[in-house]
């Protein structure tokens, strides 16, 4: 066990989850923390790393993983530390953006993944794209979907549906809905990810599926990660997250590998970021960047097969008939 105080969600919390037949895999990081992941598709195939965000876990990618594996690709979907079946540090202070990037880098090292395709959503963006700086040469190509790299820079004014930018007078403009979301993640008791999943999807999510999103978080001790990450958003230019995101954007400005955005049409929280990223990353130029219709923030839940086919074509695979 890690020297950090952690809890592990009992396995009996995960009985035959809907659409999730995958065997659990675990790897222990150098600091003793254990991370869970699913790994489907041919072992020698092109590896894809699929990163979820807050407050979900790899269950979000269940449909995507199945279809990518059928396409002949290897889909690896870990649970962030503090989420899913991964170890959950009890102290809020154990969670930092820098720490999550390093944990993910150690995870990739442990699995000896190389030249991978990165698929990121929500907090998977700041954490996963941070790998480009932490492990140069690791990432071959990127698919960014419904994510944001908040820096609060002044040049973001007018570019985002949910404003977050500095002003010339030293103040910061932040969309009230962003702050309300942040507040809600602290106030809701008990903490139930299903409330946020259903609240940010266009269609009705079945009760059994919502229960699966809640399964990893049986009590307050297991909720430090999903409660803390929203407080780490880069809503001011001087925050650690904003500084790290600026560094990541600097790295992305020199990224020549293929870069694709595949955002949904129903997610105001990240609307505008697809265009910001496409304008910033050389590898995004000259590509047809799809918009997935009829989905909210968690488009893997609502348009998982469609997203998988977009990714498969981008990698060069053939989506199943």
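A few points about this structure:
- Sorted peptide list for 57-66, 203-212, 276-285, 254-263, criterion being average Cβ within 10 angstrom, highest first: 57-66, 254-263, 276-285, 203-212
- Of every Cα-Cα pair in segment 167-321, the percent that sits beyond 22 Å: 56
- Alpha-carbon Debye profile of the chain, log10 I(q)/I(0) at 0.10, 0.13 Å⁻¹: -0.51, -0.92
- All-pairs alpha carbon distance profile, segment 188-261, 5 Å steps from 0, percent: 3, 13, 15, 14, 13, 16, 14, 10, 3
- When shorter helices are ignored and each DSSP H run of at least 4 residues is given -39500 (n - 2.57), the per-residue value for the chain at 222 nm works out to -9500 deg cm²/dmol.
- Where labels lie 7 Å past Cα in the beta-carbon direction, separation of residue 28 and residue 305 in nm: 4.2
- Protection-proxy order for peptides 120-127, 79-86, 228-235, each taking the mean of Cβ atoms within 10 Å per residue, highest first: 79-86, 120-127, 228-235
- Extension gain from residue 171 to residue 205, taking 0.36 nm per residue of separation minus the Cα-Cα distance: 8.3 nm
- Computed with the Debye formula from one identical point scatterer per Cα of segment 82-184, without solvent, the log10 of I(q)/I(0) at q = 0.15, 0.19, 0.23, 0.25 Å⁻¹ comes to -0.80, -1.09, -1.26, -1.33.
- Percentage, to the nearest whole number, of Cα pairs in segment 111-171 over 16 Å apart: 55
- 165, 36 arranged by Cβ crowding within 10 Å, fewest neighbours leading: 165, 36
- When both segment 85-121 and segment 170-242 are represented by their alpha-carbon centers, they are found 19 Å apart.
- Considering all C-alpha pairs of segment 261-300, those separated by over 11 Å amount to 63%.
- Highest-MSF residue in the chain out of 177, 201, 145 [GNM, Cα springs under 10 Å]: 177
- Dimensions (Å) - segment 26-97, Cα atoms, principal axes, largest first: 41, 25, 18
- Taking label positions 7 Å along the Cα-Cβ direction at both residue 8 and residue 155, the computed distance is 4.7 nm, reported to one decimal.
- The orientation-averaged projected area of the convex hull spanned by the Cα atoms of segment 1-159 comes to 10.4 nm².
Read the figures in this text as sums done on the coordinates, not as results from a lab. Keep in mind that what you see is a predicted model, and the values were worked out from it rather than measured. For neighbour counting, all protein chains shown are included, and Cβ atoms are generated from backbone atoms with ideal geometry for every residue, glycine included.
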